[in-house]
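Enquirer: Here it is, the structure in full.
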Amino acid sequence: MDDTPQRFPDALPPLRSAALEAGFTMSCDERTGSLLAVLAAARPGGRILELGTGIGEGTAWLLSGMDQGSHLISVELDSAVQAVARAQLGSDPRVTFVTGDGGDWLEAYDGEPFDLVFADTWPGKFTHLDRALSLVTRGGTYLIDDLLPQSGWPEDHHDSVSQLLADLDARQDFHSVRLTWSTGLLMAVRTKS
Ligand SMILES: C[S@@+](CC[C@H](N)C(=O)[O-])C[C@H]1O[C@@H](n2cnc3c(N)ncnc32)[C@H](O)[C@@H]1O
């Protein structure tokens, strides 16, 4: 079976061109993107959080799966990078872009919890993990990628990833699955409040 995604968000080609031009290489893999779209589609009227907008490729995948009643908040530290996402996707009323540190945002956020959290930066993954997980609804999904070894990882990153996987597997309030697919994923679903 060829698992190359067959459907792509309309905004993906211009976002990819912008990423190439800007030298931004951290966008999610297209297989991860296709899974994001499916997970978003599984949540009609869903509340979705992306930590780390980047240039907006993950955002575009999420929006492509979301129905009209769903809403996405996407948080990014680098305003220049996020400006590309804002320009391409900002007219969609289903998305709110926040520029700022994801950790600060997680600590300050006091709104409704989320049905899907894509934690794609340090806060919510390697820091502020408990806080990010606390914002997942019962039955809601927490997804992380980039878990398979990559060239260019900092020296201690392998240990950080191993610890993160162990911490998530040890949680009694989430049921997790590890996927050695795409860049290496872990998907966790909240089973207890
Ligand atoms: C892996 S990229 C995100 C890719 C994007 N989610 C996608 O799927 O295309 C990680 C992003 O996190 C941003 N970032 C780094 N530190 C951050 C922080 N403390 N708070 C929020 N964003 C941060 C980086 O600027 C970078 O754009």
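Enquirer: Order by neighbour count: Thr127, Thr53, Thr141, fewest other Cβ atoms within 10 Å first, most last.
Expert: Working: Thr127 14, Thr53 29, Thr141 22.
With the fewest neighbours first, Thr127, Thr53, Thr141 line up as Thr127, Thr141, Thr53.
Enquirer: May I ask you to evaluate 6.51 cos²θ - 1.76 cosθ + 1.60, the Karplus curve with θ = phi - 60°, for each residue of segment 64-73 and list the ³J(HN,Hα) values in order in whole Hz, giving x for glycine and proline?
Expert: 5, x, 6, 7, 5, x, 8, 9, 10, 10
Enquirer: Considering only segment 26-190, what is the antiparallel percent among its DSSP beta bridges, to the nearest 5?
Expert: Working: 10 of 29 bridges.
Counting DSSP beta bridges with both partners in segment 26-190, the antiparallel share is about 35 percent.
Enquirer: Stokes-Einstein D for segment 25-80 at 37 °C, 0.692 mPa s, Kirkwood Rh over Cα pairs, in µm²/s?
Expert: So the translational diffusion coefficient is about 291 µm²/s.
Enquirer: Moving to a separate point now. Over 5 Å intervals from 0, what percent of Cα-Cα pairs in the chain sits in each interval?
Expert: Here the calculated profile for the chain is 1, 8, 17, 21, 23, 17, 9, 3, 0.
Enquirer: Assigning unit charges at the beta carbon (Lys, Arg +1; Asp, Glu -1) and nothing else, what dipole magnitude in debye, to the nearest 20, does segment 26-190 show about its Cα centre?
Expert: Numbers: 11 positive and 24 negative charges, 122 e Å.
So the dipole magnitude of segment 26-190 works out to roughly 580 debye.
Enquirer: For segment 134-193, just run the numbers: alpha carbon Rg, then divide by 2.2 N^0.38 Å, N being how many residues it has. Walk me through the numbers before you get to the answer.
Expert: Details: Rg = 12.4 Å, N = 60, 2.2 N^0.38 = 10.4 Å.
Compactness ratio reported: 1.19.
Enquirer: In what order do Glu76, Glu30 fall by count of nearby beta-carbon atoms within 10 Å, going from fewest to most? Provide the component values of the computation, followed by the final result.
Expert: Working: Glu76 28, Glu30 16.
By the 10 Å Cβ count, ascending: Glu30, Glu76.
No value in this document is a laboratory result; all are computed from the given coordinates. On a predicted model such as this, the values are computed, not experimentally measured, just so you know. Here the Cβ is made from the backbone with ideal geometry for all residues, glycine too, and neighbour counts use every protein chain on show.
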